[in-house]
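Step one of this worksheet: look at the structure below.
The values are calculated or read from the model by the stated rules, or taken from the named source; none is laboratory data. Just so you know, these numbers come straight off a predicted model, no measurement behind them. Ideal geometry is used to build each Cβ from the backbone, glycine not excepted, and the neighbour counts take in all protein chains shown.
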């Protein structure tokens with residue numbers, strides 16, 4: 001990437017020019033661009049799982065699996081997008097192109113169309129699933145019950161813990177009892193609308209690869225080496241991430257409930273268009289920052305744009321393969337399980353599991369013993385980082401479904417949050433707690449008692465587990481409605497936000513400090529690849545909490561509560577145990593790090 005044109009703001013580390021809060025004026029433009037982009041992304045992401053389960057009636061297993069695949073793609077594409085910007089396109093044009101692609105994807109999601117229609121077949125006849133108070137949006141009416149019309153009689157459906165289905169008359173007595181296997185639910189959805197959905201997700205994923213890594217690169221280019229304002233500038237910039245997240249996760253679900261899914265996703269697209277305008281027409285403010293590198297052979301931008309559009313159908317096919325992949329045949333063992341994995345899983349796991357030992361082997365051959373040990377410590381921490389994000393990223397899948405189905409979302413009886421809006425607890429907690437945690441680490445550092453990086457990682461893992469266990473404890477106070485109080489869910493997010501602040505801010509810094517200078521970029525790629533793997537596995541974990549639904553509606557809240565609590569208990573204790581293991585390894589890992597803090 002070309003070096004920005006020197007200016008008083010970037011050339012002098014102690015420039016007295018105030019600019020924007022004492023920082024280059026360009027930071028305000030990039031801050032706002034990032035805020036609107038994150039508003040669109042997090043607003044869409046908060047609604048996605050519910051959109052898949054309610055509008056398309058995919059079922060929990062298919063919906064959470066697709067959600068995991070999509071978020072994995074979001075973290076995988078920046079590896080390529082950053083390289084393309086550095087070598088060919090430049091950061092500014094990459095951000096602009098990524099914004100355009102993502103806007104197209106959001107507006108394609110807004111097409112929506114008619115919701116899927118469900119039927120239940122038994123006794124050699126098909127019966128349409130009916131619903132009172134049906135609302136095609138993130139929030140369903142609490143008294144909505146699915147029913148069928150059988151010989152002119154409306155029969156309410158109630159699921160039972162053994163997988164059977166009871167058909168209830170108006171007075172509540174069971175008219176029929178259908179054993180598991182005696183009935184089949186079929187959801188009829190438009191193949192064209194499904195194709196639009198998957199194409200939209202693929203377009204957003206590819207666009208994110210161009211946008212996300214390169215706007216951060218432009219922020220870094222505002223400051224010369226040695227400029228003491230750099231860290232503070234990035235702190236201000238990332239406030240834009242949190243502000244955008246809060247706005248999107250509040251506004252998009254609200255409009256989707258009021259007007260329909262199209263409005264929620266349309267606002268995401270509008271936010272992305274604003275980001276596109278801000279980065280495209282800046283009145284010369286960003287001239288000299290993120291410009292296109294001068295390379296032999298001329299400008300290859302249109303070749304890159306064409307390649308990006310060709311990548312969209314490839315990502316589409318990965319999603320199709322992900323949804324169509326069958327389960328391993330009983331008795332096929334581990335080999336059968338591997339063969340049955342979707343192509344996306346094979347690519348992610350294969351690259352990660354082969355890349356880690358190959359890089360370590362290379363560092364052993366080409367570096368000193370100290371350098372190898374530092375690389376080994378980095379790889380170990382990367383593996384634990386994967387576990388953390390696998391569990392933390394339940395927020396957009398299983399925890400959102402839990403919030404929708406088994407949470408009383410009333411706020412002191414004044415108003416009710418929708419399930420996607422509960423994800424804002426994390427964003428608000430980060431905004432409020434990040435300065436506190438930063439001050440705490442500084443206070444401990446002055447006294448020589450700041451925890452080491454492995455200890456912070458261990459605390460993060462135990463914290464993410466403790467959050468789930470806190471929610472499970474709160475579920476012991478549920479009433480006959482089988483719904484947990486909202487503040488228990490808020491407590492989970494508070495605990496997990498504290499855990500996030502123990503691992504997220506130090507991760508990238510850790511990679512730059514422990515990696516061999518010759519492979520820092522490669523190790524950054526491994527770090528983001530580990531998060532992509534975590535996002536995919538998070539979808540698999542969410543599938544463990546899959547609950548039977550009819551027409552997208554849970555018919556047994558007691559069973560769904562028991563299912564979620566069982567999964568949350570298991571992953572909660574697993575995270576605590578893994579965190580304790582890492583805390584036990586903290587001392588030997590610290591030795592491998594050779595003084596890196």
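Within region 89-124, track down each residue that is buried (at least 19 other Cβ atoms within 10 Å of the Cβ), over 28 Å from residue 322 (Cα atoms) and more than 23 Å from the chain's Cα centre (by Cα).
89, 90, 91, 92, 93 - these are the residues of region 89-124 that are buried (at least 19 other Cβ atoms within 10 Å of the Cβ), over 28 Å from residue 322 (Cα atoms) and more than 23 Å from the chain's Cα centre (by Cα).
Of the residues 541, 526, 547, only one is within 28 Å of residue 163 (Cα to Cα), part of a helix (DSSP H, G or I) and in contact (Cβ under 8 Å) with a residue 24 or more places away in the chain; which?
541
Return the pair list, or none, for Cβ contacts closer than 8 Å from residues in region 33-62 that are outside the structural domain of residue 424 (by TED's automatic domain parsing) and farther than 22 Å from residue 145 by Cβ to residues that are modelled with pLDDT under 90 and part of a loop (DSSP other than H, G, I, E, B), at least 6 apart or on different chains.
Filtered contacts from region 33-62: 61/546.
Considering only residues that are touching a strand residue (DSSP E or B) at 6+ places or on another chain (Cβ under 6 Å) and in a strand (DSSP E or B), look in region 125-145 and name the one that is surrounded by the most Cβ atoms within 10 Å (Cβ to Cβ).
Checking each candidate, the answer is 129.
If a residue must be under 16 Å from residue 128 (Cα atoms), modelled with pLDDT of 85 or more and surrounded by fewer than 17 Cβ atoms within 10 Å (Cβ to Cβ), how many such residues does region 151-176 contain?
Within region 151-176, residues that are under 16 Å from residue 128 (Cα atoms), modelled with pLDDT of 85 or more and surrounded by fewer than 17 Cβ atoms within 10 Å (Cβ to Cβ) number 2.
Restricting attention to region 404-420, which residues are in a helix (DSSP H, G or I) and crowded, with 23+ Cβ neighbours inside 10 Å?
The answer is 406, 420.
A quick yes/no check of all residues on (1) at pLDDT below 95; (2) over 26 Å from residue 73 (Cβ atoms); (3) outside the structural domain of residue 141 (by TED's automatic domain parsing):
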{"residue": "520", "(1), (2), (3)": "yes, no, yes"}
{"residue": "523", "(1), (2), (3)": "yes, no, yes"}
{"residue": "528", "(1), (2), (3)": "yes, no, yes"}
{"residue": "540", "(1), (2), (3)": "yes, no, yes"}
{"residue": "546", "(1), (2), (3)": "yes, no, yes"}
{"residue": "551", "(1), (2), (3)": "yes, yes, yes"}
{"residue": "554", "(1), (2), (3)": "yes, yes, yes"}
{"residue": "564", "(1), (2), (3)": "no, yes, yes"}
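Is it the case that some residue within region 275-293 is modelled with pLDDT of 90 or more and closer than 18 Å to residue 108 by Cβ?
Within region 275-293, one or more residues are modelled with pLDDT of 90 or more and closer than 18 Å to residue 108 by Cβ.
Please enumerate the residues belonging to region 379-390 that are surrounded by 17 or more Cβ atoms within 10 Å (Cβ to Cβ) and farther than 16 Å from residue 512 by Cα.
Once the filter is applied, which keeps residues that are surrounded by 17 or more Cβ atoms within 10 Å (Cβ to Cβ) and farther than 16 Å from residue 512 by Cα, region 379-390 yields 384, 386, 387, 388, 389, 390.
Looking at the structure I just gave you, is residue 319 closer than 20 Å to residue 541 by Cα, buried (at least 20 other Cβ atoms within 10 Å of the Cβ) and touching a residue at least 12 places away in the same chain (Cβ under 8 Å)? Working first, answer last.
Values: closer than 20 Å to residue 541 by Cα: yes; buried (at least 20 other Cβ atoms within 10 Å of the Cβ): yes; touching a residue at least 12 places away in the same chain (Cβ under 8 Å): yes.
So residue 319 fits the description; yes.
Does residue 64 meet the test of being buried (at least 24 other Cβ atoms within 10 Å of the Cβ) and in contact with a strand residue (DSSP E or B) (Cβ under 8 Å, 6 or more places away or on another chain)?
Judged against the criteria, residue 64 is not a match.
Residue-by-condition table, conditions (1) modelled with pLDDT under 95; (2) crowded, with 22+ Cβ neighbours inside 10 Å; (3) in contact with a helix residue (DSSP H, G or I) (Cβ under 7 Å, 6 or more places away or on another chain):
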{"position": "348", "(1), (2), (3)": "yes, yes, yes"}
{"position": "353", "(1), (2), (3)": "yes, no, no"}
{"position": "362", "(1), (2), (3)": "yes, no, no"}
{"position": "377", "(1), (2), (3)": "yes, yes, yes"}
{"position": "422", "(1), (2), (3)": "no, yes, yes"}
{"position": "430", "(1), (2), (3)": "yes, yes, yes"}
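Per-residue answers, yes or no, for (1) surrounded by fewer than 23 Cβ atoms within 10 Å (Cβ to Cβ); (2) closer than 28 Å to residue 409 by Cα; (3) in contact with a helix residue (DSSP H, G or I) (Cβ under 6 Å, 6 or more places away or on another chain):
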| residue | (1), (2), (3) |
| --- | --- |
| 441 | yes, no, no |
| 449 | yes, no, no |
| 454 | no, no, yes |
| 478 | yes, yes, no |
| 486 | yes, yes, no |
| 499 | no, yes, yes |
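Return the residues of region 146-166 that are assigned to a strand (DSSP E or B) and either closer than 19 Å to residue 117 by Cβ or touching a helix residue (DSSP H, G or I) at 6+ places or on another chain (Cβ under 9 Å) (or both); say none if nothing qualifies.
Correct list: 146, 147, 148, 149, 150, 154, 155, 156, 157, 159, 165.
Scan region 233-262 residue by residue and report those that are surrounded by fewer than 18 Cβ atoms within 10 Å (Cβ to Cβ) and in contact with a helix residue (DSSP H, G or I) (Cβ under 7 Å, 6 or more places away or on another chain).
234
I'm checking my understanding of the structure. Among residues of region 17-48 that are in contact with a helix residue (DSSP H, G or I) (Cβ under 6 Å, 6 or more places away or on another chain) and not in a helix (DSSP H, G or I), which one is modelled with the lowest pLDDT?
Only one residue fits best here, namely 17.
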